[in-house]
Amino acid sequence: MKKDIKVAAIIVTYNGINWIEKCLTSLKKSLAPLQTIVIDNGSTDGTQKIIANFPEVTFIQSDINLGFGRANNKGIEIALAKNAEYIFLLNQDAWIEPNTISVLLQIAEDNRDYGVISPVHLNGTYSGLDLNFSKQLVPENCSSFYSDLYVKKLKILYEITFVNAAAWLISKRCFETVGFFEPLFFLYGEDNNFLQRVTYHKLKIGVTPYCTICHDREMRQGSFSETGIKIWERTYSLIGLLNILNSYSKSILSFLKEKFIFIIKCVYQKKFTSLKYPIKEIFFFIKNIRRLYKIRKRYKFR
């Protein structure tokens, strides 16, 4: 592996005072030299004061909440402008082991056909896999991981169709080929959309069992608020409509079919208050049909 590889770790923070010290401390102990960039989305809990204790961090304070994707884009632009060859995206509620990034870099250098590589995600207590991560390793998405784990014949790298963006190592080439995160996604779904484009451009997505991170999402789990439901419903629709793995006409038909079936069920079950979500999504789609088409077209620039 080249010794002059430049890697930048990027963390987006928003009221992350419960985790950010542990997150940044773990990066400071990384065996692989790296530059850490933090973009804060307007925290009000004192997160910034904790970050100030890490003078080596490049800190960007946003006046508004940009959302996950747009804030990461700011950090990615800064890192690439400083000639970073790899970007390591890490959630504020996650932390690495000292060898995590060095192992990822070695594997990435040996597997240039992979655009995104993730370590294994443990939970915050080291007692098992992060639950959502474990669901992504099922045979339909990752053909032999569980089988190889059981018979103790783990490979260095497993191709997978999707892994959430809590910890991604992304090559400069990948960003140059597929672009950055789509700004239309405020929260949730930007990782799905990005990986759809990675797949479209014939780059691979992988998970290696040879290094880990901890993702302490249990501390923030809870039921969706009404606002959260609206964000997710809109996001779910955009994931399908912007998926360049399918034709636009096929995506539109699938979207409309799903919404109208849901509307019919609501009417039949007399759940009239639930009708506002699919109806708003349909109006959003009609209003933005040309804009969505232009975005899809832009994604195919390579």
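The values are calculated or read from the model by the stated rules, or taken from the named source; none is laboratory data. Since this is a predicted model, take the numbers as computed values, not measurements. Note that we place each Cβ from the backbone using ideal geometry, even for glycine, and neighbour counts take in every protein chain shown.
Please tell me if CYS174 is within 26 Å of THR235 (Cα to Cα) and under 16 Å from the mean Cα position of the chain (by Cα). Can you show your working first?
Numbers: within 26 Å of THR235 (Cα to Cα): yes; under 16 Å from the mean Cα position of the chain (by Cα): yes.
Yes; evaluated as a whole, the condition is true for this residue.
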- Search segment 280-292 for residues that are assigned by TED's automatic domain parsing to the domain that holds SER249 and pair each with any residue that is basic (Lys, Arg) and part of a helix (DSSP H, G or I) when their beta-carbon atoms are under 6 Å apart and the residues are at least 6 apart or on different chains. ILE282/LYS259
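If I filter segment 18-39 for residues that are polar (S, T, N, Q) and over 19 Å from ILE213 (Cβ atoms), do I get at least one hit? Reasoning before the result, please.
Pass one, segment 18-39, residues polar (S, T, N, Q): 18, 25-26, 30, 35-36.
Pick out the ones that are also over 19 Å from ILE213 (Cβ atoms) and you get none.
No.
So, GLU140, is that one in a loop (DSSP other than H, G, I, E, B) and either farther than 22 Å from LYS29 by Cβ or acidic (Asp, Glu) (or both) or not?
Working: in a loop (DSSP other than H, G, I, E, B): yes; either farther than 22 Å from LYS29 by Cβ or acidic (Asp, Glu) (or both): yes.
Yes, satisfied.
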- Message: Take the conditions within 16 Å of ARG296 (Cβ to Cβ) and in contact (Cβ under 8 Å) with a residue 60 or more places away in the chain and apply them to PHE186. Does it pass?
- Response: no
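Of all residues in segment 146-164, how many are more than 25 Å from HIS201 (Cβ to Cβ) and either touching a strand residue (DSSP E or B) at 6+ places or on another chain (Cβ under 6 Å) or β-branched (Val, Ile, Thr) (or both)?
Looking only at that region, the number is 2.
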- Query: Can we say ASN83 is at pLDDT 95 or above and either within 13 Å of the chain's Cα centre (by Cα) or not aliphatic (A, V, I, L, M) (or both)?
  - Reply: no
- Item | Residues satisfying the stated conditions in segment 144-159, i.e. β-branched (Val, Ile, Thr) and either over 22 Å from SER102 (Cβ atoms) or not in a loop (DSSP other than H, G, I, E, B) (or both) | VAL151
- Query: List pairs: first in segment 17-44 and assigned by TED's automatic domain parsing to the domain that holds ARG70, second buried (at least 19 other Cβ atoms within 10 Å of the Cβ) and among the aromatic types (Phe, Trp, Tyr), Cβ under 6 Å, 6+ apart or cross-chain?
  - Reply: LYS22/TRP95; CYS23/TRP95; SER26/TRP95; ASN41/TYR14; SER43/TYR14
- Query: List the pairs whose first member sits in segment 139-154 and is under 16 Å from CYS211 (Cα atoms), whose second member is part of a helix (DSSP H, G or I), and whose Cβ atoms are under 6 Å apart, counting only residues at least 6 apart or on separate chains?
  - Reply: LEU154/ASP148
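What residue, among those in segment 128-145 that are in contact with a Ser or Thr (Cβ under 9 Å, 6 or more places away or on another chain) and more than 10 Å from VAL207 (Cα to Cα), is surrounded by the fewest Cβ atoms within 10 Å (Cβ to Cβ)? Don't jump to the end; show me each part of the working.
First pass over segment 128-145, keeping only residues in contact with a Ser or Thr (Cβ under 9 Å, 6 or more places away or on another chain): 128, 133, 136, 139-142.
With the extra rule that they be more than 10 Å from VAL207 (Cα to Cα), the set shrinks to 128, 133, 136, 139-141.
Working: GLY128: 9, PHE133: 22, GLN136: 19, PRO139: 10, GLU140: 7, ASN141: 17.
Within segment 128-145, the match that is surrounded by the fewest Cβ atoms within 10 Å (Cβ to Cβ) is GLU140.
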- Message: Suppose the filter is crowded, with 19+ Cβ neighbours inside 10 Å, of a type in the set (S, T, N, Q) and at pLDDT 95 or above; does ASN99 pass it?
- Response: no
- The number of residues in segment 41-58 that are under 16 Å from ASN15 (Cβ atoms) and in contact with an Asp or Glu (Cβ under 9 Å, 6 or more places away or on another chain) is 5
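Between TYR158, TYR126, TYR114, which is among the hydroxyl-bearing types (Ser, Thr, Tyr), touching a residue at least 24 places away in the same chain (Cβ under 8 Å) and in contact with a Phe, Trp or Tyr (Cβ under 7 Å, 6 or more places away or on another chain)? Walk me through it before giving the result.
On the way: TYR126 fails: in contact with a Phe, Trp or Tyr (Cβ under 7 Å, 6 or more places away or on another chain); TYR114 fails: in contact with a Phe, Trp or Tyr (Cβ under 7 Å, 6 or more places away or on another chain).
After applying the criteria, what remains is TYR158.
For segment 67-130, give me every one of the strands (runs of 3 or more DSSP E) that falls completely inside it and has 3 or more residues that are β-branched (Val, Ile, Thr).
Working: elements: 86-90, 94-96, 114-123.
Per the criteria, 114-123.
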